[in-house]
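Trainee: Let me give you the structure first, and then I'll get to my questions.
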Amino acid sequence: MNKQYYLSNNGTHIGPYSLETVLKKIEARENQWTDYVYDEAVGEWVMLLEHPEFSAKLSGKPAVRPVGAPAKKSPESFKDKEWFILKEGNNYGPFSQVELVQMLQEKTLFEYDYVWHAKLPAWKRVAEVEDFAAPKIRSMKDSSEAELSEIFFRRRHARASYGASLIVHNNKTVFRGQALEISAGGAGVLIDNPNLQPGQSLFLHFQPGDGVPPFNAVCQIVSKQFVKEGPSASDPVKYGVKFTTLSQSVRESIRNYTTAKVA
């Protein structure tokens, strides 16, 4: 009997389907490579791009390479336009490494987005690519080339450690959490749920802490990091969130707090 898979579809589960059927649904754009698939052998929902059987199909087909992808790798350079971005099932590019770093700075590209280069065996999250690791970025920042150093700028909002408990709601379920750091633009938080995804909106209620009064905020998840090596229902996950709705008075209280902390 052929192996069967279930797919996520607008918050519901559909299937089971064979591997060939799933690939046909992707080709017909009924599903995207960033959708989630359930494999009983794996025992959890994973992104199609990250499932070994499906990622092998993606990287093994020349037809799925980004439009305009170079046939051969040119000498490595920060300015070579050899990078492609995958968003919502569509690829964009080519871009240079400098341009991608600038997008990361401007928050039009995030660490959870996927990129591709001729030297990579498959699409990878930005956070998984060595070219965008801290040492590489630091070498670009410290470069004597003005064009490279000018793309870096100071963090827009001062950030400081912040200890406060949280109540988190995703329009379906309430979770407990803990703040780790905060700025007027967002926060780093631990949440007792490993299944929240970047791009998802959350309602957060911050309990009072470190001189900041209690407040509510509507947030969007922009990063996700497992505290331990693998996801577990009992282990909290660190999420980076940006505030999309926050009262001006609360923003000012946070700004005063972080300014005093980093001074």
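Trainee: I want to confirm something. Restricting to the range 113-157 and keeping residues that are at pLDDT below 75 and of a type in the set (Phe, Trp, Tyr), which single residue is surrounded by the fewest Cβ atoms within 10 Å (Cβ to Cβ)?
Mentor: Ranking the qualifying residues of the range 113-157, first place goes to Phe153.
Trainee: Okay, moving on. If you go through the range 5-22 one residue at a time, how many are at pLDDT below 85 and surrounded by 14 or more Cβ atoms within 10 Å (Cβ to Cβ)?
Mentor: 2
Trainee: So in the range 207-223, with the set limited to residues that are more than 14 Å from the chain's Cα centre (by Cα) and among the polar types (S, T, N, Q), which one is modelled with the lowest pLDDT?
Mentor: This residue is Gln207.
Trainee: Among the residues of the range 109-132, write down those that are among the acidic types (Asp, Glu), closer than 15 Å to Phe95 by Cα and touching a residue at least 40 places away in the same chain (Cβ under 8 Å).
Mentor: Residues satisfying the conditions do not exist here.
Trainee: May I ask you to verify whether Lys238 is at pLDDT below 85, among the basic types (Lys, Arg) and outside any loop (DSSP other than H, G, I, E, B)?
Mentor: For Lys238, the condition - at pLDDT below 85, among the basic types (Lys, Arg) and outside any loop (DSSP other than H, G, I, E, B) - is not met.
Trainee: With (1) in contact with a strand residue (DSSP E or B) (Cβ under 7 Å, 6 or more places away or on another chain); (2) at pLDDT 80 or above as the list, and Glu40 as the residue in question, which single condition is left unmet?
Mentor: For Glu40, the exception is condition (1).
Trainee: Now a separate question. Quick one: would you say Pro194 is under 20 Å from Ala260 (Cβ atoms), modelled with pLDDT under 90 and not assigned by TED's automatic domain parsing to the domain that holds Asp113?
Mentor: No.
Trainee: Could you tell me which of the residues Gln97, Gln102 is touching a helix residue (DSSP H, G or I) at 6+ places or on another chain (Cβ under 7 Å), buried (at least 16 other Cβ atoms within 10 Å of the Cβ), at pLDDT 75 or above and within 26 Å of Ser139 (Cβ to Cβ)?
Mentor: Sole residue among the options that is touching a helix residue (DSSP H, G or I) at 6+ places or on another chain (Cβ under 7 Å), buried (at least 16 other Cβ atoms within 10 Å of the Cβ), at pLDDT 75 or above and within 26 Å of Ser139 (Cβ to Cβ): Gln97.
The values are calculated or read from the model by the stated rules, or taken from the named source; none is laboratory data. Given the structure is predicted, the values throughout are model-derived calculations rather than measurements. FYI the Cβ positions are ideal-geometry reconstructions off the backbone, even for glycines, and counts take in every protein chain you see.
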